[in-house]
1. Go ahead and estimate [θ] at 222 nm for the chain from helices alone: -39,500 (n - 2.57) per DSSP H run with n ≥ 4, summed, over the residue count, rounded to 500.
2. Would you calculate the separation in nanometres between label points at Ser13 and Gln69, each defined as 7 Å from the Cα along the Cα-to-beta-carbon direction?
3. Number of Lys-Lys pairs in the chain under 23 Å by Cα, sequence gap 8 or more or different chains?
4. Relative to the first principal axis of the alpha-carbon coordinates of the chain, what is the inclination of helix 67-81, with its axis defined by its Cα atoms, in degrees from 0 to 90 and to the nearest 10?
5. Pick out which of Gly109, Gly270, Gly180 has the largest mean-square fluctuation in a Gaussian network model of the chain, springs linking Cα atoms closer than 10 Å.
6. Using alpha-carbon positions, what is the distance between the centroids of the range 1-32 and the range 174-195, in Å?
7. Using a Gaussian network for the chain with springs between C-alpha atoms less than 10 Å apart, which of these wobbles most: Asn20, Asn91, Asn60?
8. Round to the nearest 0.05 the FRET efficiency obtained for Glu117 and Glu6 when R0 = 41 Å and r is the Cβ-Cβ distance.
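What follows draws every value from the coordinates through simple rules; no lab data is involved. All values derive from a computational prediction rather than experimental measurement. Here Cβ is always computed from backbone atoms with ideal geometry, including for glycine, and neighbour counts include all displayed protein chains.
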Amino acid sequence: MQFAPEVLNVLRSSDYNIVNIEGPITLAPSQKVSGVIVQSSPAFLPVFERLRCSIANLANNHIFDHGLQGYRDTIGAARRLGWLWMGAGENLDEASAPLVLNRGDVGVGLISVCHEEGPVAGPSTPGVFCHTMRRLICRRIQALKKQCDYVGVVYHGGEEIYRLPMPSRRNRLIGYLDAGADFVVAHHAHVVQGYEYVGGKPVFYGLGDFAFDYDFSTTDHGVNESVLLTMRFQKGLKPAFDATFTCHDRIGGQVRREDANPYFRLIPAGGYAAAYGVYACSVLRQQMTIQGNPRPSLRRRLRRVAGIALGLKCPYRRPLIIAGAKQAMRAILRGKEAQPPCQ
């Protein structure tokens, strides 16, 4: 895989580069019996070195796809390459252990958290640091506040291919800011999402896929796009950031730099509810559309409606369907067509 010089220059200019290792670096056999299985071959370790990976984020839903051996192989590779790591471990103490990074007179503390999918670390069992352990997360944040200038939460979770987080997910991330974190960076949705400031603190909802070479996701729009987020810290000032946009050309085997990404947009203060409603309405409209058939039969239309109704049983889809239906009803009552998002 090739990386454009402009992309490598961004990575080379950072003190630390955090890379989400979505699949374990191992040749061990998979322990999963169903679902998507993700693996990183040890043969690709030179790629990680080229990217100047220095911190491996392991709090994700695939790091234990190849069992405990796959996790241990990943830690072994990290040790050989001199990486730090966070977010998973052979017990809860290891998985929830924070990282403290110091440069000059500035200290930044980090913890890494994953949504509830895959093995969850317990007092004596391996797994990831799970977001269900809210009290422990808050304690970790508050302890870091006493020894660091800044505290950040790296969060792996969200609704896949959604362009905005559902309200409950957003509330969870904002809760980390309320607990004392100075910034939150989330990923997992496979597409770029927006960001907002809450109480002057930034929360980034989705960075997209930098290089995720799995065929199951290639048909979805935007899964080859990402944001390289460069966080900047200066003692006494709020965290600042720079954004570099990339696109993974899977056919050509290159990650190149892009000028912009329309989905990496600032959600204005107090504007989330309206943005989510408009987005939900546009998604619902797309789901109701039957491609290639301007006049589908009543039977096909009813089947599509039934499919959407069944989506109400899914905790991820239910809020989007309800919000979209409400927005559509408001548009009908106003006699106006709801505008698509991101314009």
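1. On the way: 9 runs with 104 residues, N = 343.
Value at 222 nm, helices only, nearest 500: -9500 deg cm²/dmol.
2. Going by the 7 Å Cα→Cβ label model, 4.4 nm.
3. 10
4. Helix 67-81 and the main axis of the chain meet at about 60 degrees.
5. It is Gly270.
6. So the separation of the two Cα centres works out to 20 Å.
7. In this elastic network of the chain, the residue with the biggest mean-square fluctuation among Asn20, Asn91, Asn60 is Asn91.
8. Working: r = 34 Å, r/R0 = 0.84.
Plugging the Cβ-Cβ distance into 1/(1 + (r/R0)^6) gives 0.75.
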